[in-house]
1. Suppose we filter the stretch 76-109 for residues that are touching a residue at least 60 places away in the same chain (Cβ under 8 Å) and within 20 Å of TYR186 (Cα to Cα); how many remain?
2. Which pairs turn up if I take residues in the stretch 129-141 that are outside any loop (DSSP other than H, G, I, E, B) and look for partners that are of a type in the set (Lys, Arg) and surrounded by 15 or more Cβ atoms within 10 Å (Cβ to Cβ) with beta carbon separation below 7 Å, at least 6 apart in sequence or on another chain?
3. Answer yes if at least one residue in the stretch 135-144 is surrounded by 24 or more Cβ atoms within 10 Å (Cβ to Cβ) and not acidic (Asp, Glu), and no otherwise.
4. Which of the residues belonging to the stretch 161-176 are aliphatic (A, V, I, L, M) and either under 22 Å from ILE232 (Cα atoms) or without any contact (Cβ under 8 Å) to a residue 24 or more places away in the chain (or both)?
5. What residue, among those in the stretch 117-129 that are more than 21 Å from LEU93 (Cβ to Cβ) and within 11 Å of the chain's Cα centre (by Cα), is surrounded by the fewest Cβ atoms within 10 Å (Cβ to Cβ)?
6. Which ranges mark the helices (runs of 4 or more DSSP H) fully within the stretch 146-236 that have 1 or more residues being modelled with pLDDT of 85 or more and touching a helix residue (DSSP H, G or I) at 6+ places or on another chain (Cβ under 8 Å)?
7. State yes or no: is TYR147 within 23 Å of ASP258 (Cα to Cα), of a type in the set (Phe, Trp, Tyr) and crowded, with 18+ Cβ neighbours inside 10 Å?
Amino acid sequence: MNRTLTASLLVLSGAIGLIALLYPLVAPALDGITSLQAFQASQPGTSGYALLTTTLIGISLLALLLEVQGQTANAKIIAALGVLVAITSVLRLVETAIPGIGGFSPVFVPIILAGYVFGSRFGFLMGTLSMLTSAIITAGVGPWLPYQMFVAGWVGVTAGLLPHPENARLKLAMLAVFAFAWGMLYGGILNLYFWPFVAGETSAMTAAGGGIGDTVASYGAFYMATSFVWDIFRSIGNIVLIIALGIPAIRAMTRFRDRFHFELA
């Protein structure tokens with residue numbers, strides 16, 4: 001029952017995140033207002049992003065409660081999650097103090113590896129809580145935070161769905177490809193929530209009211225001009241870290257998981 005409820009929460013979180021990311025594309029057409037007005041209305045410096053953040057935190061905490069009730073070593077899962085979230089938050093703090101090249105970031109590899117070893121439910125919590133905690137300690141709280149939490153949670157969820165081949169090289173290659181793909185997808189997905197407004201009036205109206213071809217072409221041009229290079233650096237960095245640290249980290253996490261009887265989701 002707990003597993004079913006947790007899965008339902010993950011689906012709910014995904015649906016909310018998808019709606020939140022896609023809403024700016026159709027808001028100008030639905031409301032009959034300009035892209036600038038839509039942007040201002042959607043910036044709950046308003047309140048919308050605060051509501052999204054609160055909703056996602058609530059879902060994460062409820063999922064954690066259900067996860068704890070469904071585990072024999074419930075204190076251990078909280079400890080493991082807390083330690084891994086803390087490590088990821090420190091990595092993001094270091095990244096803020098000493099910026100990497102382009103969009104390189106070390107925070108995604110722990111999320112991927114934790115989701116891969118401990119399962120999708122753990123990966124979701126790892127992704128969302130890591131982004132929340134690191135944003136607080138780096139003063140990175142803003143309208144972008146709930147979207148970062150959503151997408152990082154999806155990274156952890158999908159990592160938990162990957163197969164577990166016995167061959168170490170095959171496993172490493174699979175994780176490297178996965179890490180590269182999410183390095184690109186992360187930037188591409190996050191751009192959706194603000195692209196129609198930043199791209200300008202014409203692009204926003206095209207995205208909201210044009211055909212699917214116009215929308216894809218408009219977004220493709222915007223993505224190539226703004227995020228592509230950064231995402232390439234992030235993806236390459238993910239591959240380097242996976243190759244360098246992936247197998248030792250997986251072995252250490254697996255020993256901990258097996259010792260305390262964690263269940264893969």
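1. Step one: filter the stretch 76-109 for residues touching a residue at least 60 places away in the same chain (Cβ under 8 Å), giving 76-77, 80, 100-106, 108-109.
Of the ones still in play, those that are also within 20 Å of TYR186 (Cα to Cα) are 100-106, 108-109.
Of the residues in that region, 9 qualify.
2. Final answer for the pair search is SER134/ARG92.
3. Start the filter on the stretch 135-144 by keeping residues that are surrounded by 24 or more Cβ atoms within 10 Å (Cβ to Cβ), which leaves none.
No, every residue in the stretch 135-144 fails to be surrounded by 24 or more Cβ atoms within 10 Å (Cβ to Cβ) and not acidic (Asp, Glu).
4. Filtering the stretch 161-176 for residues aliphatic (A, V, I, L, M) gives 161-162, 168, 170, 172-176.
Residues satisfying the conditions are LEU170, LEU172, ALA173, MET174, LEU175, ALA176.
5. It comes out as GLY123.
6. Values: elements: 168-190, 195-198, 201-209, 212-226.
By residue number, 168-190, 212-226.
7. Details: within 23 Å of ASP258 (Cα to Cα): no; of a type in the set (Phe, Trp, Tyr): yes; crowded, with 18+ Cβ neighbours inside 10 Å: yes.
Judged against the criteria, TYR147 is not a match.
Listed here are the residues, each with its yes/no results for (1) at pLDDT below 90; (2) under 22 Å from PRO248 (Cα atoms); (3) of a type outside the set (Phe, Trp, Tyr); (4) buried (at least 24 other Cβ atoms within 10 Å of the Cβ).
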residue	(1), (2), (3), (4)
THR88	no, yes, yes, yes
ILE98	yes, no, yes, no
GLY102	yes, no, yes, no
PRO106	no, yes, yes, no
ILE112	no, yes, yes, yes
GLY115	no, yes, yes, yes
MET131	no, no, yes, yes
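The values are calculated or read from the model by the stated rules, or taken from the named source; none is laboratory data. In this text the structure is predicted, and so the values were computed from the model without any measurement. FYI the Cβ positions are ideal-geometry reconstructions off the backbone, even for glycines, and counts take in every protein chain you see.
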